[in-house]
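A quick write-up on the structure given underneath.
Computed from the coordinates by the stated procedures, all read-outs in this text should not be read as laboratory data. No experiment lies behind these values; they were computed from the predicted model shown. Neighbour counts run over all protein chains shown; Cβ positions are idealised from the backbone, glycine included.
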Amino acid sequence: MPLEVTPRAIDVLRRALDVGRMDPRRVGVRISVLRGPRGDEVRTGFAEEPDPGEQIVEAGGVRLFVAADLVVRGATVDVADEHDLLIVR
């Protein structure tokens, strides 16, 4: 199963690009998961190209640069109910 990005997550990602005045045709959103002692933490950033080991995923007109293992396992990018924080399940 490929990576799934929920409509709510797409809205949050689009707003982030808009606020940053970034052109989604030139800039993508990097999504990474850091595993730590208190659980997984989702990090995002903006980039023009993927890093080695990342795959490009198109979702709702937004380019995502995502670690290949998230794509292979069929992870879901969603939004937590509080504060519009992105989560990866």
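Could you grab the pairs with beta carbons closer than 9 Å, sequence gap of 6+ or different chains, first residue in segment 1-29 and in contact (Cβ under 8 Å) with a residue 40 or more places away in the chain and under 20 Å from E49 (Cα atoms), second one surrounded by 17 or more Cβ atoms within 10 Å (Cβ to Cβ) and acidic (D, E)?
V5/D78
Tell me, yes or no, whether segment 65-88 has at least one residue that is under 13 Å from the mean Cα position of the chain (by Cα), charged (D, E, K, R) and surrounded by 18 or more Cβ atoms within 10 Å (Cβ to Cβ).
Scanning segment 65-88, I find at least one residue that is under 13 Å from the mean Cα position of the chain (by Cα), charged (D, E, K, R) and surrounded by 18 or more Cβ atoms within 10 Å (Cβ to Cβ), so the answer is yes.
Could you tell me whether L34 is surrounded by fewer than 13 Cβ atoms within 10 Å (Cβ to Cβ), of a type in the set (A, V, I, L, M, F, W, C) and in contact with a strand residue (DSSP E or B) (Cβ under 9 Å, 6 or more places away or on another chain)? Even if it seems obvious, please write down each step before you answer.
Numbers: surrounded by fewer than 13 Cβ atoms within 10 Å (Cβ to Cβ): yes; of a type in the set (A, V, I, L, M, F, W, C): yes; in contact with a strand residue (DSSP E or B) (Cβ under 9 Å, 6 or more places away or on another chain): yes.
So L34 fits the description; yes.
Taking segment 50-89 as the search range and keeping residues that are part of a loop (DSSP other than H, G, I, E, B) and in contact with a strand residue (DSSP E or B) (Cβ under 6 Å, 6 or more places away or on another chain), which one is nearest to R14 (Cα to Cα)? If you could, list the steps in order and put the result at the bottom.
So in segment 50-89, the residues part of a loop (DSSP other than H, G, I, E, B) come out as 50-53, 60-61, 74-75, 80-85, 89.
Restricting the remaining residues to those that are in contact with a strand residue (DSSP E or B) (Cβ under 6 Å, 6 or more places away or on another chain) gives 50, 75, 80, 89.
Numbers: P50: 18, A75: 20, A80: 16, R89: 20 Å.
Residue satisfying both the conditions and the ranking: A80.
I need the full set of residues from segment 1-31 which are of a type in the set (V, I, T) and either surrounded by 10 or more Cβ atoms within 10 Å (Cβ to Cβ) or not in a helix (DSSP H, G or I) (or both), in order please. Before the answer, list the steps.
Residues of segment 1-31 that are of a type in the set (V, I, T), as a first pass: 5-6, 10, 12, 19, 27, 29, 31.
V5, T6, I10, V12, V27, V29, I31, listed by residue number.
Looking only at segment 34-49, count how many residues are part of a loop (DSSP other than H, G, I, E, B) and either of a type in the set (S, T, Y) or closer than 22 Å to R15 by Cα (or both). Before you say what the answer is, go through the steps one by one.
Filtering segment 34-49 down to residues part of a loop (DSSP other than H, G, I, E, B) leaves 37-38, 48-49.
Adding the requirement that they be either of a type in the set (S, T, Y) or closer than 22 Å to R15 by Cα (or both) leaves 48-49.
Residues meeting the conditions: 2.
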